[in-house]
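Colleague: Input: one structure, supplied below.
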């Protein structure tokens with residue numbers, strides 16, 4: 001099992017394939033701009049081994065990396081996010097997806113755990129996520145995860161439900177569940193260092209460049 005934290009570089013086609021599937025499920029244009037990789041996002045890929053094509057992906061960004069203020073965000077149409085936390089403490093998760101054969105596997109568990117622990121270690125204290133108001137499966141997952149519904153906003157004429165998760169109640173448990181090393185690509189290091197210089201002191205995080213140098 002292989003978990004990697006990185007930028008979009010070298011994974012653009014994989015991201016587009018995952019995003020095309022997500023957009024199709026949400027009733028959005030599966031060939032529109034919503035499938036494109038985000039240069040400001042961090043990506044976590046889950047694979048059976050380091051040479052396999054990723055079987056799962058989580059995609060997230062900090063609000064202050066994208067918007068000058070919460071009011072400039074489409075997600076703020078659902079709720080006044082400035083009343084919850086400062087921008088540098090909130091992430092938005094645009095994608096969490098895994099292929100059908102791994103949906104109930106440990107790979108999906110480790111992908112989810114890695115998302116929570118990475119976001120927490122980087123300083124996030126709240127997480128937003130959205131899905132179609134008619135997508136009962138994902139809405140059910142949000143409810144099971146303890147997320148709070150904030151309100152709705154509209155993308156391409158389709159209403160989307162925005163939900164919020166406070167990370168503190170779940171971060172400690174996620175840390176205990178984390179068993180796999182998160183291998184961090186050098187392309188993401190500048191963004192990580194800026195937010196949390198101590199991130200790489202964790203025994204569960206190592207950079208791919210450091211691995212190569214010590215090989």
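Nothing in this text is a laboratory measurement; each read-out follows from the coordinates by a stated rule. Note that the coordinates shown come from a computational prediction; the quantities given were computed from them, not determined experimentally. Cβ atoms come from the backbone with ideal geometry, glycine included; neighbour counts cover every protein chain shown.
Colleague: At a 10 Å Cβ-Cβ cut-off, how would you order 3, 138, fewest neighbours first?
Modeller: Least crowded to most crowded, the residues run 138, 3.
Colleague: Taking neighbour Cβ counts within 10 Å as the exposure measure, how do 26, 5 sort from fewest upward?
Modeller: Values: 26 21, 5 25.
Ranking 26, 5 by Cβ neighbours within 10 Å, fewest first, gives 26, 5.
Colleague: With a ≥ b ≥ c taken as the square roots of the eigenvalues of the C-alpha gyration tensor of region 82-135, please select rounded if a/c is under 1.5 and otherwise prolate if a/b is larger than b/c or oblate if it is not?
Modeller: Note, shape of region 82-135 comes out oblate.
Colleague: Can you give the direction-averaged projected area of the convex hull of the alpha-carbon atoms in the chain, in nm²?
Modeller: 11.4
Colleague: Measuring from centroid to centroid over Cα atoms, what is the spacing of region 1-24 and region 50-98 in Å?
Modeller: Region 1-24 and region 50-98 have Cα centres separated by 16 Å.
Colleague: Oh, and also: Nearest 0.05, what FRET efficiency do residue 1 and residue 172 give at R0 = 25 Å with Cβ-Cβ as r?
Modeller: The calculated FRET efficiency here is 0.65.
Colleague: Largest first and in whole Å, what are the equivalent-ellipsoid semi-axes of region 1-69 based on the Cα gyration tensor, each being the root of 5 times an eigenvalue? Could you put the intermediate results ahead of the total?
Modeller: Values: eigenvalues 87, 59, 18 Å².
So the three semi-axes of region 1-69 are 21, 17, 9 Å.
Colleague: Another question, if that's okay. What percent antiparallel are the DSSP beta bridges of region 84-181, to the nearest 5?
Modeller: Restricted to region 84-181, the bridges split so that about 80 percent are antiparallel.
Colleague: Which FRET efficiency value, to the nearest 0.05, is calculated for residue 186 and residue 85 with the Förster distance at 30 angstrom and r the Cβ-Cβ distance?
Modeller: 0.50
Colleague: While we're here: Compute the length gained on full extension between residue 195 and residue 40: take 0.36 nm times their separation in residues and subtract their Cα-Cα distance, giving the result in nm to one decimal. Present the calculation step by step, with values, prior to reporting the outcome.
Modeller: Values: separation 155, 0.36 × 155 = 55.80 nm, distance 1.34 nm.
So the chain would gain 54.5 nm between residue 195 and residue 40.
Colleague: Sticking with this one: How far apart, in nanometres, would the label points at residue 52 and residue 12 be if each is projected 7 angstrom from Cα along the Cα-to-Cβ direction?
Modeller: If labels sit at residue 52 and residue 12, their model points lie 2.7 nm apart.
Colleague: A follow-up question, please. Just from its helices, what would the mean residue ellipticity at 222 nm be for the chain, if runs of 4 or more DSSP H residues each count -39500 (n - 2.57) and the sum is divided by every residue, rounded to the nearest 500 deg cm²/dmol?
Modeller: Computed ellipticity for the chain at 222 nm equals -9000 deg cm²/dmol.
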